[in-house]
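The block underneath contains the structure these notes are about, expressed in structure tokens.
The values are calculated or read from the model by the stated rules, or taken from the named source; none is laboratory data. Please read these numbers as outputs of a predicted model, since none were measured by experiment. Here the Cβ positions follow ideal geometry from the backbone for every residue, glycine too, while neighbour counts run over all protein chains shown.
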Amino acid sequence: MEDFFVGVDIGSLTAKVVLVDAQGQALAWAVDRSGYSGRDVAQRLTQEILEEKGIKVEQIKVTVATGYGRVTYPAEREVSEITCQAKGIAHFFPGARTVIDIGGQDSKVIKVLPGGKVIDFAMNDKCAAGTGRFLEVMAGALEVSLEEVGALAVKAEEHKAISSFCTVFAESEVISHVSAGALKPDILAGVCDSVAARVSALVERVGLEPDVVFTGGVAKNAGVAKALSEQIGYPLLIPENPQITAALGAALLAWGMG
Amino acid sequence: MVEGKKYRQFRVNKHLKRLMAKHYALGRYQRYWGRPLHRKLAWITSGAPVELLRAFKIYSVYPEQYGAICSTAKATEKLCQAAEAAGYSQDLCSYARSHIGSILRPDLAPMQGLPKPDLLVACNNICGTVLKWYEALAHLLKVPLLVLDTPYLPGELTEHAHQYVLEQLQNMVRQLENLTGRKLDMQDLKRQMARSAEMTKFWREIRELAQAHPSPLNGPDLFIQMAPIVAVRGSQEGIDYYRKLKAETEERVRRGEGAILEEKTRLVWDNIAIWPKLFNFTKMFTERGACFVTDTYSGGWAAELASGDPLESLAATYTNIFLNRSPEFRARQMIELVEAYEADGFVMHSNRSCKPYSLVQEVIRRRVMEKTGVPGLMVEADMADPRAYAEESVRTRVEAFLETLQAL
Ligand code: SF4
């Protein structure tokens with residue numbers, strides 16, 4: 001019977017599961033909202049993947065859990081999402097030296113060596129500024145879906161500046177732009193600039209070295225990607241599936257342990 | 001004994017408890033017998049020249065240390081809220097807030113607050129906050145405030161700065177003579193300073209014993225054992241206690257007993273302890289075999305007294321306090337600690353309360369990493385206010401950091 005390895009990443013917004021085989025190749029993955037119990041969601045996703053691939057639970061040799069929900073998940077090992085993210089990114093981008101990860105609730109910048117060993121990192125997690133949550137609130141104020149934000153923002157003619165980092169104050173700035181008749185794309189571009197500015201400051205802390213990879217849920221947002229790339233002055237490499245890179249890293253670590 | 005992953009306790013801790021309880025009890029009795037004996041009670045900042053006050057038979061207690069006591073007694077949150085309700089900003093140092101809270105609401109305060117002082121002495125060598133904090137105290141309590149202004153040192157102590165502080169000390173002597181009705185006895189001041197020097201020397205030697213592998217001391221040991229050098233600096237009891245502590249620490253080194261069960265990783269700590277989470281926080285490290293072998297905070301009380309006549313020495317000693325010095329000086333200090341204690345990394349507590357300690361840490365962190373090649377972690381918290389501590393995000397950082405230091 002062949003062995004398999006699972007990586008589970010339970011974040012504040014979504015849970016992700018990745019399955020790798022005995023050769024360390026990713027076979028399948030799944031993503032869903034983590035909701036009230038990220039652990040239950042991750043367990044369901046794992047089950048679904050196993051059924052789909054016709055794999056028995058006993059064939060899972062090692063599971064590594066990461067993300068905020070890692071402590072509650074029954075896994076062989078818990079590993080921080082910083083280590084997992086670095087590992088997952090190194091798999092896709094061996095030349096990566098700086099990893100920018102913007103998730104729902106926090107953002108991090110990780111400096112890595114070839115092979116994905118972490119040498120330094122900086123995190124923003126005390127405040128919604130520079131996170132997916134900030135974008136969500138501003139999108140809500142403008143009545144656009146989170147998915148639309150990026151596509152609209154890149155169409156902006158003129159960026160409307162959002163100067164406050166505080167989510168509550170920034171939201172009222174957005175509203176006053178609306179009442180002044182500003183266009184949604186222009187306001188959204190300002191919102192994306194604000195997220196990028198906050199994260200650029202984190203980049204400065206660890207020091208920037210190319211190649212720079214942008215990952216995490218917010219990497220799907222073209223508006224933030226554009227603003228970030230402009231602010232740090234480097235092109236950004238974005239994985240095809242930025243949400244699952246940390247879960248993949250966890251799965252690869254599990255594979256390495258097995 | 002080490003049970004499970006817990007600490008090895010010091011046998012002398014029972015003496016420490018007694019020593020500190022006696023110190024606070026004496027402060028309280030001072031209120032009664034102090035008057036007829038003409039002995040005053042002062043509230044002073046941690047960097048104030050206590051030897052001079054001792055020479056005037058003034059008994060000193062430290063509101064900052066009381067702030068730490070409030071925090072370990074889990075009273076800080078309520079006391080801070082009381083101060084905030086009275087209009088003190090949330091951005092104000094939590095020692096100041098909780099201490100002011102303890103005056104406004106003694107019913108919420110450990111020991112119902114500190115015994116009321118006859119005078120206040122503030123020295124701004126640690127921060128500018130203490131000036132306004134003590135002005136507020138003087139206003140609330142209607143007692144005299146004596147201030148010692150030590151200029152910030154971008155480089156070494158200059159003749160001019162030294163002279164400036166010395167003149168203020170001479171002036172303070174006159175003020176204290178007026179307040180107490182006593183004449184300064186230079187011989188007594190010398191004796192006080194000699195005892196301070198002796199006690200400081202013991203504290204320095206005890207800390208240096210942690211250069212051993214495994215280290216006989218961990219972060220919480222340093223933070224708890226520093227209480228006497230802060231609160232009863234220059235007392236014979238303090239010297240006697242440290243003599244015992246040193247003997248027990250030496251015994252640990254001789255037997256090869258570490259403060260934690262299995263020392264795998266040696267770390268240096270920067271900034272004040274996270275009092276409300278002291279054991280909780282440290283546990284994340286001890287569980288993974290990481291020991292805080294030394295720190296910059298309790299080390300602040302291990303500096304030698306400067307030479308010169310008593311007042312000259314006090315002027316130099318108290319102006320040279322590390323918080324009053326440049327980021328270059330502080331980086332050098334960290335680098336020396338990493339090297340001397342053969343540390344594998346360092347952890348900086350970015351302390352929301354203490355701006356002078358925290359603001360330059362990022363610059364220092366980078367410099368120390370560059371020079372020593374060991375990684376440094378930054379954790380955001382507050383030394384006393386538990387509301388500034390986010391358990392989960394701290395855990396993520398700590399785990400990630402230790403994962404970089406230890407093979408998975
Ligand atoms: S700001 Fe820092 S140095 Fe000043 S009293 Fe508060 S903790 Fe002490």
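Check B:D240, B:D270 and return the single one that is at pLDDT 95 or above and surrounded by fewer than 23 Cβ atoms within 10 Å (Cβ to Cβ).
When all the criteria are applied, what remains is B:D240.
Please work out which one of (1) in contact (Cβ under 8 Å) with a residue 40 or more places away in the chain; (2) crowded, with 20+ Cβ neighbours inside 10 Å; (3) away from chain A (no Cβ under 14 Å) is the condition B:F346 fails and give its number.
(3) is the only condition that B:F346 fails.
Is it the case that some residue within the stretch A:224-240 is of a type in the set (K, R) and farther than 27 Å from A:R33 by Cα?
Within the stretch A:224-240 (the criterion being of a type in the set (K, R) and farther than 27 Å from A:R33 by Cα), the answer is no, since none of the residues qualifies.
Examine the stretch B:95-116 for a residue that is within 13 Å of the ligand (Cβ to nearest atom) and either within 14 Å of chain A (Cβ to nearest Cβ) or modelled with pLDDT under 95 (or both), and state whether such a residue exists.
So far as the stretch B:95-116 goes, no, none of its residues is within 13 Å of the ligand (Cβ to nearest atom) and either within 14 Å of chain A (Cβ to nearest Cβ) or modelled with pLDDT under 95 (or both).
Taking into account only those residues within the stretch A:147-174 that are among the hydroxyl-bearing types (S, T, Y) and not in a helix (DSSP H, G or I), which is surrounded by the most Cβ atoms within 10 Å (Cβ to Cβ)? Full working, then the answer.
First, the residues of the stretch A:147-174 that are among the hydroxyl-bearing types (S, T, Y): A:163-164, A:167, A:172.
Filter again for not in a helix (DSSP H, G or I), leaving A:163-164.
Details: A:S163: 10, A:S164: 14.
Across the stretch A:147-174, the extreme among qualifying residues is A:S164.
Name, by its number, the condition in (1) closer than 18 Å to B:L267 by Cβ; (2) in contact with a strand residue (DSSP E or B) (Cβ under 7 Å, 6 or more places away or on another chain) that does not hold for B:D382.
Only one criterion in (1) closer than 18 Å to B:L267 by Cβ; (2) in contact with a strand residue (DSSP E or B) (Cβ under 7 Å, 6 or more places away or on another chain) is unmet by B:D382, namely (1).
Tell me yes or no: at least one residue of the stretch A:149-164 is among the polar types (S, T, N, Q) and farther than 16 Å from A:E230 by Cβ.
So far as the stretch A:149-164 goes, yes, one or more of its residues are among the polar types (S, T, N, Q) and farther than 16 Å from A:E230 by Cβ.
May I ask you to verify whether B:T396 is within 14 Å of another protein chain (Cβ to nearest Cβ), touching a strand residue (DSSP E or B) at 6+ places or on another chain (Cβ under 7 Å), in a helix (DSSP H, G or I) and more than 30 Å from B:K201 (Cα to Cα)?
When the stated conditions are applied, B:T396 does not pass them.
Could you please give the count of residues in the stretch A:41-58 that are surrounded by fewer than 16 Cβ atoms within 10 Å (Cβ to Cβ) and assigned to a helix (DSSP H, G or I)? Explain how you work it out, then say what you get.
Taking the stretch A:41-58 and keeping what is surrounded by fewer than 16 Cβ atoms within 10 Å (Cβ to Cβ), we get A:44, A:47-48, A:51-54, A:56-58.
Of the ones still in play, those that are also assigned to a helix (DSSP H, G or I) are A:44, A:47-48, A:51-53, A:57-58.
Qualifying residue count, the stretch A:41-58: 8.
Name the residues in the stretch A:44-68 that are closer than 17 Å to A:T245 by Cβ and either within 14 Å of chain B (Cβ to nearest Cβ) or touching a helix residue (DSSP H, G or I) at 6+ places or on another chain (Cβ under 8 Å) (or both), would you?
Result: A:V64, A:A65, A:T66, A:G67, A:Y68.
I need the full set of residues from the stretch A:119-132 which are surrounded by fewer than 19 Cβ atoms within 10 Å (Cβ to Cβ) and either over 19 Å from A:G216 (Cα atoms) or more than 14 Å from chain B (Cβ to nearest Cβ) (or both), in order please.
A:I119
Quick test of your reading of the structure: A:A197 fulfils all but one of (1) at pLDDT below 95; (2) in contact with an Asp or Glu (Cβ under 6 Å, 6 or more places away or on another chain). Name the failing condition by number.
All conditions are met except number (2).
So which residues in the stretch A:87-118 are of a type in the set (A, V, I, L, M, F, W, C) and more than 9 Å from chain B (Cβ to nearest Cβ)?
Those that are of a type in the set (A, V, I, L, M, F, W, C) and more than 9 Å from chain B (Cβ to nearest Cβ): A:I89, A:A90, A:F92, A:F93, A:A96, A:V99, A:I100, A:I102, A:V109, A:V112, A:L113.
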